[in-house]
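To start, the structure under review is shown below, and the notes come after it.
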Amino acid sequence: METKLVNVSDLAPYEENPRTIDVFKFDALKESILEFEDMLRLRPIIIDKQNRVLCGNMRFKACAELGIKKIPAVVIGDLSEEQIKELVIKDNLSYGEWDWDMLDFSWDMDLVDKWLGRPDLDYSSLNYEELENEVANMQNGVKKAIQIKVLSEHYEEAKELEKQCREQNIYIGGLLLEEMLVIKSEYEKI
């Protein structure tokens, strides 16, 4: 395998690529490329000997729309169509999850929101009556969560206590709710 600069105009998308990207994420990707073009060098697309883009189709399309003439690519060969399909799928899998506590305490959340491509949405035009059944079905069996912020100096202690409670099947939400109700009743007496 070799990495080389290739002309964007010489590339073709892999026609059987099952991935899609919504307009918000695609716009965020283009902005990300403009802001940090070295990312293309650090994470080149993958093409076959026929210049089909196997991995990085969205980056390729974004570069084409942005007018970028050349992009880094890793050229692979000798893969069967079955292996190519496996590569295309596995390259797009996301095995990890975000540690939102770490992001919230250690990262600039405005930048994180921007990088993750989460658009500002206007929910005012939604008709909630029409969505009520659909939302109820989506919520069946789903645990609900409330994010509780702690001061950074308490973070490690809180993280460890949460882990211990989880290991002992202690329902933290119930404990917190009971404590909040006690605080509320004491507050109402004042």
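The values are calculated or read from the model by the stated rules, or taken from the named source; none is laboratory data. This structure is a prediction, so every number in the text was calculated from the model and none was measured. Positions of Cβ are backbone-derived with ideal geometry, glycine not excepted, and every protein chain shown enters the neighbour counts.
Quick notes
- Yes/no for residue 13 being more than 22 Å from residue 114 (Cα to Cα), in contact (Cβ under 8 Å) with a residue 24 or more places away in the chain, loosely packed, with under 10 Cβ neighbours inside 10 Å and not hydroxyl-bearing (Ser, Thr, Tyr): no
- Among (1) surrounded by 12 or more Cβ atoms within 10 Å (Cβ to Cβ); (2) modelled with pLDDT of 70 or more - the single one residue 118 does not satisfy: (2)
- The set of residues from the range 59-104 being polar (S, T, N, Q) and more than 16 Å from residue 17 (Cα to Cα) comprises just one member, 94.
- Filter result for the condition that a residue is more than 30 Å from residue 111 (Cα to Cα) and of a type in the set (Lys, Arg), over 19, 43, 59, 52: 52
- Candidates are the residues of the range 162-172 that are farther than 13 Å from residue 101 by Cβ and part of a helix (DSSP H, G or I); the one that is nearest to the chain's Cα centre (by Cα) is 166.
- Condition met for residue 30 (surrounded by 12 or more Cβ atoms within 10 Å (Cβ to Cβ) and either under 25 Å from residue 111 (Cβ atoms) or more than 16 Å from the chain's Cα centre (by Cα) (or both)): yes
- For the range 16-26, the set of residues classified as of a type outside the set (Phe, Trp, Tyr) and touching a residue at least 24 places away in the same chain (Cβ under 8 Å) consists of 16, 17, 18, 19, 21, 25, listed by residue number.
- Pairs with Cβ under 7 Å, 6+ apart, first in the range 165-184 and closer than 18 Å to residue 146 by Cα and modelled with pLDDT under 90, second in a helix (DSSP H, G or I) and not aliphatic (A, V, I, L, M): 172/162; 172/165
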